[in-house]
C-alpha cells in the first residue's frame, strides 16, 4: 500500500507514519509539507490513500483536494485537521474528501477511517452524521458564515482570531490587497460592517 501524507508540521507527519506502520508494517509512505507539493506528488505517483491537513502554507488542503479530484476522482483522500469537525468536515466532504478525521482522535480514528475509505466508502463520525442531518434541515436558511467560500472562511477565522491583514497575508502566502478583498466580500456576505462585528458574531456562534 502506498500512502501520501501532507502536513506542514514534521512532528505530525512522523506521528502519522508511526500509526500507519503499526497497522500496515509494509506500507510505503511519502511526505509533503504544503498544498503545491501535495498536488504535484498526487499527480506524479500512484497512491492508495492520501492523508492531508487543511491548514498549510499557500493554498489550503481543501483547494488541493479539489484539484486532485479533477484528475483522480476515485482516489481516497482523508482530511485530517485540528479544526473541529462542525466547522470544516462538511466543507471537506463537499470538496470531495472520503472522510474527515480530527487530529486529537487520530490514533484509533485514523486506522478505522483508512480501513473504510479503502473499501470505497465514506468515513464520517456519528456526530458528523448528526450534523449532516441537521444541515439538511437548515439548508433553506443557512447561517451567514456558511455562505462563505472555503478561502473566505479561512480569512474569516483568522480575522476573528485577531490577526491583522498583513499577518493573514503572510500566513496564507497572499498579498495584503487580496486579503483586503476577501475581507470586503466576507462583510458583504455576512451583512456586517467591521472586524468587531465579525468577532461578536463568531463568539455568538461559538466559532472561536
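Of the residues in the range 131-138, not one is surrounded by fewer than 17 Cβ atoms within 10 Å (Cβ to Cβ) and in contact with a strand residue (DSSP E or B) (Cβ under 7 Å, 6 or more places away or on another chain).
Of note, residue 107 satisfies the criterion of being touching a helix residue (DSSP H, G or I) at 6+ places or on another chain (Cβ under 9 Å), outside the structural domain of residue 153 (by TED's automatic domain parsing), farther than 28 Å from residue 147 by Cβ and at pLDDT below 90.
Here the range 162-171 is the region considered, the condition is being over 19 Å from the mean Cα position of the chain (by Cα) and crowded, with 16+ Cβ neighbours inside 10 Å, and the residue that is nearest to residue 88 (Cα to Cα) is 163.
The residues on offer are 158, 207, 174, 198, and the sole one that is closer than 24 Å to residue 90 by Cβ, touching a helix residue (DSSP H, G or I) at 6+ places or on another chain (Cβ under 9 Å) and assigned to a loop (DSSP other than H, G, I, E, B) is 207. So, in the range 31-65, how many residues would count as being surrounded by 14 or more Cβ atoms within 10 Å (Cβ to Cβ) and in contact with a strand residue (DSSP E or B) (Cβ under 8 Å, 6 or more places away or on another chain)? The total comes to 23.
Does residue 3 qualify as being touching a strand residue (DSSP E or B) at 6+ places or on another chain (Cβ under 9 Å) and at pLDDT below 95?
no
Here the range 78-89 is the region considered, the condition is being in contact with a helix residue (DSSP H, G or I) (Cβ under 7 Å, 6 or more places away or on another chain) and surrounded by fewer than 18 Cβ atoms within 10 Å (Cβ to Cβ), and the residue that is farthest from residue 7 (Cα to Cα) is 86.
Does residue 113 fit the bill of being in a loop (DSSP other than H, G, I, E, B), modelled with pLDDT of 90 or more, closer than 20 Å to residue 3 by Cβ and within 16 Å of the chain's Cα centre (by Cα)? Break it down stepwise before answering.
Numbers: in a loop (DSSP other than H, G, I, E, B): no; modelled with pLDDT of 90 or more: yes; closer than 20 Å to residue 3 by Cβ: yes; within 16 Å of the chain's Cα centre (by Cα): yes.
Judged against the criteria, residue 113 is not a match.
In the range 125-150, the residue that is farthest from residue 60 (Cα to Cα) out of those that are outside any helix (DSSP H, G or I) and modelled with pLDDT of 85 or more is 148.
The values are calculated or read from the model by the stated rules, or taken from the named source; none is laboratory data. It should be emphasised that the depicted structure is a prediction, and the values quoted were computed from it without experimental measurement. Ideal geometry is used to build each Cβ from the backbone, glycine not excepted, and the neighbour counts take in all protein chains shown.
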